[in-house]
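> Got a structure for you, written out below as structure tokens; questions coming shortly.
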Amino acid sequence: MAENTTTQEKDPRKVWTPAPRPEWLKRVNEEGECMDIRGVVPLDSGSMLDAATRSTGLSDFGIDDWREPFEVLCKSFDEDADLNLFGRIKVRHEILLLLKNRLQIEDTYKQHPEIDDQEIVKPLMIIGQGRSGTSFLFNLLSACPGNGNMATWEAMFSCPPPEPATYHSDTRIDKAHRIADQWNRAVPELVSMHEYSGTIPQEDVVPLAHSFRNVGWFMVLGEVLQYYAYMAKADLEPAYRYHKRVLKLLQWKNPRKQWILKNSANLEELPDMLKVYPDACIVWPHRDPGKSVASTVSLIGSMLWGQCDHPFRRVSLDQYVDPNGAAKRLTNVIDLIEAGVIPKERLCNVLYRDLVDIPIETAAKIHDYFHLPFTADSRRVLENYMRQNPRDKRPPHKVSAETRAAVEKDRPAFKRYQEYFGVPDEH
């Protein structure tokens, strides 16, 4: 027994504790305790497919490489995730959003096959550990003149494809904002960790999730063990092919000169991503991994807490929230770089410290590295952006001392990564 207790004390997932739920959410879930919530909110694939086709009047989802992972995912959410009433409602809603959007995307392509002629050239892709400044960098680079991103609202509701005249006034923006902001209403602590709104740049996890071959989005909705096991062996190239299909549609009527993209969950997916985007410009912010992992435990735990009563019960997601698993994930990328699978010239490394201390110079460095324009006007716009969006705009994200201590015990696991990229410890 003592040995198990010691093991648990070392695991940051076991020492993390959630904040109290809002009273409204607590009452909703208490009502669910007297219901057959699996019957009331079904998560089987058939009921969701029927609902999506009935709602849209469409039935063509495109090529079928999404169906098998979709079936596994639905079964896993139903059987593994230990969702409460709100959690089942949330998961069903999110999956229906993806299914309906995919149906409409395919219908739009069917009516306008010329969309496929669009080219996505040298997309700038931000990768890295969660909680390492990737979102800040994403927003900063997106604000630069000539750069463009995928807003949350158009990732959720891609059809009809957005147009310049109504891009900032589209009626879908408010609807998307209410959906995105639901994370904050359910788990108020998330306000200090990540921004949610209908207009902010959306990460790649949402367009990738349309293929149902993406752990990054679904892992924050519930611990889906069967799906994790399936995805560990799955081909991820189809996910990036569909991702590209979404980007083509979004830029068809509203061009982006330079796409700025972000996926902090795709370190292990880089070889598949490069098959689809061989000219990708990859930017990797590097932060003390001890800090990043401790903060990621808090973020993922809080997001899971919105849907289930026992986050991390399964002790899953080692590559994100276990120090040794996270270290292996980082060193695996180093192996790929050393083997030439990830071309060094396509990778721009920046330090989190520089990103925080000299953000505009860091943005200029990135543009220069990839021979992208960065003018005096670019600098002026980013200076104005920083004045309007200071780093301390949101309340500080506080990680418990217990979680930090649990991660620090395994700091030696990160030695190779920190030495390879010159990443200093943070104290």
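The values are calculated or read from the model by the stated rules, or taken from the named source; none is laboratory data. Everything quoted here is computed from the prediction, not taken from an experiment. Here the Cβ is made from the backbone with ideal geometry for all residues, glycine too, and neighbour counts use every protein chain on show.
> Here is a list of conditions, (1) within 16 Å of LEU103 (Cβ to Cβ); (2) buried (at least 19 other Cβ atoms within 10 Å of the Cβ), and ARG13 meets all of them except one; can you say which number that is?
(1)
> Determine, yes or no, whether GLU114 is charged (D, E, K, R) and under 17 Å from the mean Cα position of the chain (by Cα).
Here the answer is no, as GLU114 does not meet what is asked.
> Also, I was wondering about something else. Are any residues in region 359-380 loosely packed, with under 14 Cβ neighbours inside 10 Å and either without any contact (Cβ under 8 Å) to a residue 60 or more places away in the chain or in a helix (DSSP H, G or I) (or both), and if so, which ones?
Once the filter is applied, which keeps residues that are loosely packed, with under 14 Cβ neighbours inside 10 Å and either without any contact (Cβ under 8 Å) to a residue 60 or more places away in the chain or in a helix (DSSP H, G or I) (or both), region 359-380 yields GLU361, ASP368, HIS371, ALA376, ASP377, ARG380.
> Which one is nearest to the chain's Cα centre (by Cα), of the residues in region 44-85 that are in a helix (DSSP H, G or I) and aliphatic (A, V, I, L, M)?
Out of the qualifying residues, it is LEU73.
> Still on this structure, I have one more. Filter region 171-193 down to residues that are in a loop (DSSP other than H, G, I, E, B) and crowded, with 18+ Cβ neighbours inside 10 Å and give me whichever is nearest to the chain's Cα centre (by Cα).
MET193
> Another question, then. Any chance you could count how many residues in region 131-153 are over 18 Å from ASP357 (Cβ atoms), part of a helix (DSSP H, G or I) and not aromatic (Phe, Trp, Tyr)?
2
> Please state which one of ASP357, ASP368, ASP377 is closer than 28 Å to PRO12 by Cβ and among the acidic types (Asp, Glu).
The conditions single out ASP357.
> Pairs under 8 Å by beta carbon, first residue touching a residue at least 40 places away in the same chain (Cβ under 8 Å) in region 23-36, partner aromatic (Phe, Trp, Tyr) and surrounded by 10 or more Cβ atoms within 10 Å (Cβ to Cβ), six or more apart or different chains?
LEU25/PHE86; VAL28/PHE86; ASN29/PHE86; GLY32/PHE86
> Any idea which of GLU79, GLU30 is more than 29 Å from ASP235 (Cα to Cα) and among the charged types (D, E, K, R)?
GLU30
> Here's another thing I want to ask about it. Tally up the residues in region 287-318 that are buried (at least 20 other Cβ atoms within 10 Å of the Cβ), under 14 Å from VAL407 (Cα atoms), within 17 Å of the chain's Cα centre (by Cα) and modelled with pLDDT under 90, please.
Residues that pass the stated criteria total 5.
> Which of the residues belonging to region 121-170 are surrounded by fewer than 21 Cβ atoms within 10 Å (Cβ to Cβ) and of a type in the set (Val, Ile, Thr)?
Within region 121-170, VAL121, THR166 meet the criteria.
> Within the group VAL407, VAL399, VAL350, VAL333, which residue is buried (at least 18 other Cβ atoms within 10 Å of the Cβ), touching a residue at least 60 places away in the same chain (Cβ under 8 Å) and in a strand (DSSP E or B)?
Only one candidate qualifies: VAL350.
> Let me ask something else about it. Name the helices (runs of 4 or more DSSP H) wholly inside region 217-318 in which the number of residues that are within 30 Å of HIS371 (Cα to Cα) and not hydrophobic (A, V, I, L, M, F, W, C) is 3 or more.
Per the criteria, 237-252, 270-276.
> Then there is this: Pull up region 38-63, narrow it to residues that are of a type in the set (Val, Ile, Thr) and out of contact with any Ser or Thr (no Cβ under 7 Å at 6 or more places or on another chain), then point me to the one that is nearest to CYS159 (Cα to Cα).
By that ranking, first place goes to THR56.
> Still on this structure, I have one more. From the list LYS100, LYS110, LYS122, pick out the single residue that is under 30 Å from ARG287 (Cα atoms), modelled with pLDDT of 95 or more and not in a strand (DSSP E or B).
LYS122
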